[in-house]
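First the structure, in the form of structure tokens, and then the observations on it.
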Amino acid sequence: MTYTIAVRALCEFTAKCGDLDLRFTPGPSAQDGIAGHATVRSRRRAGYQPEVSLEGEYRQLRVRGRADGYDPQSNRVEEIKTYRGDLGNMPDNHRQLHWAQAKMYGYLLCRKLALAEIHVALVYYEIGDQTETVLSELHSATDLQQFFEQQCARFLAWAEQEMQHRTARDQALRALEFPHAEFRAGQRELAQAVYKAASLGCCLMAQAPTGIGKTVGTLFPLLKAAPVKEIDKIFYLAAKTSGRQLALDALALIKNKAPDLPLRVLELIARDKACEYPDKACHGESCPLAQGFYDRLPDARRAILPDPMFDKATLREVALAHRICPYYLSQEMARWADVVVGDYNYYFDVSAMLHTMTANNQWRVSLLIDEAHNMVERGRKMYSAELDQLKLKFLRSDAPPELKGPFNRLNRSWNALCKEQDAAYRVYPAIPEQFLESLQKASGAIADYLAANAATSAPGLQNFYFDTLLFARMAETFGEHSLFDITQFSEPGRASSRRHATLCIRNVVPAPFLKPRFAAAHSATLFSATLSPWQFYSDMLGTPPETPWMEVQSPFHAAQLAVRVVPEISTRYRDRADSLAPIVELMARQFDAQPGNYLAFLSSFDYLQNVANLLRQRFPHIPMWEQSRAMDEAAREQFLARFADGGRGIGFAVLGGAFAEGIDLPGERLIGAFIATLGLPQINPVNEQIRMRMQTMFGAGYEYAYLYPGLQKVVQAAGRVIRTTSDRGAIFLIDDRFGRREVRELLPKWWEVGR
């Protein structure tokens, strides 16, 4: 068996040393890097060979890559690196890594062309002033071969271990049995579809109700498909912590039923939750866990392997034992895990880590996307960008001399955009080139300043710089999938005049950005209890046209759930004051007739407070508790703890919020829900523009902008009531519009809706 690795990945494993150093340096963007490489190559004489593909072997190791360039006349191989600022500020361990890559390419070229010696050069290109610094060394083929074999030998012991792990993993997965005595109703159907999608290498959209065991029902078949289809990694991606925990629990169950299964499972967590020293910067001069990080990483990497469940607690224990950062240890272990559990953003965001690793290492990955209905809104946020003029105003007030000119020009260009706008909000068909030009110049000036003043702490300037980069990047791909709008605000205390404006590239259809991410994966399964109408999600998320959509039959039956529409009450905004008394009287009647735990879902915190206050006033015997606007994790846990077996009371929550999906309250912990809203997004200028764009693109403006997103929230919230085949409960759909045919068609088929 041969282990294949890229030159870059090999050198990062063997040649990285010293501190972890993440001090902000405004490095070139990907586009800057591509342009810089092209500029350097354009300066070379005729016969220069760019992007030379190379490959070599050392025992069971195959090493491959592309040298940036080779000049046959001077017999020089070049490794081109772009940068900003003073080259002297580049950390020494970065330079060592660059030399290692260059020398590896030098040996592979000597081997390919039968050369006795070669000039190995590092070409550093400063993208600001477009100057080159060339560092060149003459090496014999013998010396380079020795270096190559030394690097390969360092990695080979690890590679042999990885090959043994892969062989043992695949053998165990072939023999893996389902962790339960039998499949639940609908679970086998889902599992078969996931396995078939992995076998065919395609996408699958699956609407599967709560209670069938979607998590195990998707993970198990994909694990079984991994050895057959040579899948390197499975990425289980979720929107919320609860979804990620369900995946970890399911994988622990699978591993407990097969204790000899050598499956490495990694939990990726947010940096702020993993950081041990939040008051320190990520470099060796500030944080003790960054000091000597790469020197101690190999021992930590070896130490964690015997316990293949790389969860938050394990990562922290091993990292602290070796005095390195737990968060960046988790990033490293993504390279060696079989299953990675994390948030959507790790694969789908603009600069997503897992997607970048997949591309760089040419992994074959399969995706499991939990609660995929959330991908629409999350995708929109990932590919939107905003600029706030108030931030620029604060920066201009004490800007250094180098930035005053670019900032003033940007501000004038900004004001020119808003000069003719007589409304607070307006959408424009395009982003003016003059503004983008001034923005790019200001961004470049900030980059040059920060590069020249690396020791200066300027978080406000850095944040604005990141905003400009994202805005410019989204501007490059601007199209009908996004809106460009300007919102003008009055300066605090000066309501009579508008003094600043926010510019937004507002993505409304994430499909063009998500589509290539699906294409980069071997297979992808998107599953949720609310994934219909399928055409809406297909249009929004960019799944391939041939993607199959399936609906798994519910294991529940209508007798378990009493669903009642309350048509005599309107929850429209204009009718809310009149709705308060009828709603609380309905709640009290139901609670007195059948005491127990209930959830009440309202459309906003204000509406929630009004209903809750009236219920407390008129029916003080009913225990109640409420969701607040800024609940931390402990407060959310306290809220859910009130739903105890045998308990009684009504918990008030906002539809679409933390308690409307992803929580599990089986049995008598929850026996009913009052849903006093259709969940329709608020009618406002932004949503109206989205409606018009949806009408233009898909011919279904109201449905795509309002109806489908709203009813998805209703069905998700209602799904909290029945969690197992033995549960019983009641749902009250409070609004006359629930009686409409187009609304009824979006409710689960197994419901029998009555009045």
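Which entries in the list K81/K196; K280/K419; K240/K749 go over 32 Å, if you measure between the two C-alpha atoms of each? Checking Cα-Cα distances, K81/K196; K280/K419 exceed 32 Å. With a cut-off of 12 Å between beta carbons, the residues surrounding Y702 carry a summed charge of -2, where Lys and Arg count +1 and Asp and Glu -1. Rounded to whole Å, the principal axis extents of the Cα atoms in the range 108-208 read 69, 39, 22, largest first. Can you give the Rg/Rh ratio of the range 616-682, where Rg is from the C-alpha atoms and Rh is the Kirkwood radius? In the range 616-682, Rg relative to Rh is 0.95.
Here A321 and V228 are evaluated by their C-beta separation; at R0 = 45 Å the FRET efficiency comes out at 0.75. Equivalent-ellipsoid semi-axes for the range 293-339 (Cα gyration tensor, √(5λ), whole Å, largest first): 15, 11, 10. Other residues within the sphere of radius under 11 Å centred on the Cβ of I690, judged by their own Cβ, net out at +2 (K and R +1, D and E -1).
Taking amide H atoms as placed 1.01 Å from N in the peptide plane, the amide H of I731 lies under 5 Å from those of A562, V563, R564, A673, each 5 or more residues away in sequence or on another chain.
Neighbours of Q560 by Cβ distance under 13 Å: Lys/Arg scored +1, Asp/Glu scored -1, total 0.
Projected label points at S726 and H557, each 7 Å from Cα along the beta carbon direction, are separated by 1.7 nanometres. Under conditions of 20 °C and 1.002 mPa s, the range 146-193 yields 152 µm² s⁻¹ as its translational diffusion coefficient, taking Rh as the Kirkwood radius over Cα pairs in the Stokes-Einstein equation.
Take the convex hull of the alpha carbons in the range 403-527; its mean projected area over all directions comes to 11.6 nm². Counting only residues at least eight positions apart within a chain, or on another chain, the aspartates and glutamates with an alpha carbon under 12 Å from that of K381 are D349. If R0 equals 51 Å, the separation of the Cβ atoms of N361 and D736 corresponds to a calculated FRET efficiency of about 0.35. The listed peptides 436-443, 230-237, ordered by packing as a protection proxy, come out as 230-237, 436-443 (highest mean of other Cβ atoms within 10 Å first). Peptides 672-684, 420-432 ranked from most to least packed give 672-684, 420-432, packing being the mean of other C-beta atoms within 10 angstrom over each peptide's residues. Derived scalar couplings between HN and Hα for the range 206-216 equal 10, 8, 10, x, 4, x, 8, x, 4, 5, 5 Hz in order, rounded to whole Hz, by the Karplus curve 6.51 cos²θ - 1.76 cosθ + 1.60 (θ = phi - 60°), x for Gly and Pro. Roughly how many Å is it from the Cα centre of the range 28-44 to that of the range 273-288, as a whole number? If we compute the Cα centre of each part, the gap is 34 Å.
On the principal axes of its alpha-carbon atoms, the range 1-126 has extents of 40, 39, 24 Å, going from largest to smallest.
Ranked from largest to smallest solvent-accessible area, with a 1.4 Å probe on the protein heavy atoms, D21, D735, D632 come out as D632, D21, D735. Compared with the rule-of-thumb size 2.2 N^0.38 Å for a compact globular protein, the range 336-402 has a Cα radius of gyration ratio of 1.68.
The charge dipole of the chain, taken about its Cα centre with unit charges on the Cβ of Lys, Arg, Asp and Glu (plus for the first two, minus for the last two), comes to roughly 880 debye.
What the Cα atoms of the chain give is an Rg and a Dmax of 29.1, 94 Å.
In loop segments of the range 256-287 as defined by DSSP, the GluC sites (Glu not before Pro) with at most 13 further C-beta atoms inside 10 Å of their C-beta are E285.
So if R0 is 60 Å, what FRET efficiency would K312 and E420 give, r being the distance between their Cβ atoms, rounded to the nearest 0.05? Step by step, r from the Cβ atoms, then E = 0.70.
Peptides 94-100, 194-200, ordered by how many other C-beta atoms sit within 10 Å of their residues on average, highest first, read 194-200, 94-100.
Listed by chain and number, the aspartates and glutamates whose alpha-carbon sits under 17 Å from that of K312, ignoring those within fewer than 8 places in the same chain, are D249, E267, D272, E276, E332, D338, D343, E633.
Relative to the longest principal axis of the Cα atoms of the chain, the long axis of helix 141-174 makes an angle of roughly 30 degrees. Evaluated at q = 0.19, 0.28 Å⁻¹, a Debye calculation over the C-alpha positions of the range 590-654 (equal weights, vacuum) places log10 I(q)/I(0) at -0.74, -1.32. The DSSP beta bridges internal to the chain are antiparallel in roughly 40% of cases.
The values are calculated or read from the model by the stated rules, or taken from the named source; none is laboratory data. Predicted model, so just to flag it, every value in this text is computed and none were measured. Glycine gets a Cβ as well: all are built from the backbone with ideal geometry, and neighbour counts include every protein chain shown. Just so you know, the surface numbers come from the protein's heavy atoms only, side chains and all, with ligands and any DNA or RNA stripped out. Shrake-Rupley method; radii C 1.70, N 1.55, O 1.52, S 1.80 Å.
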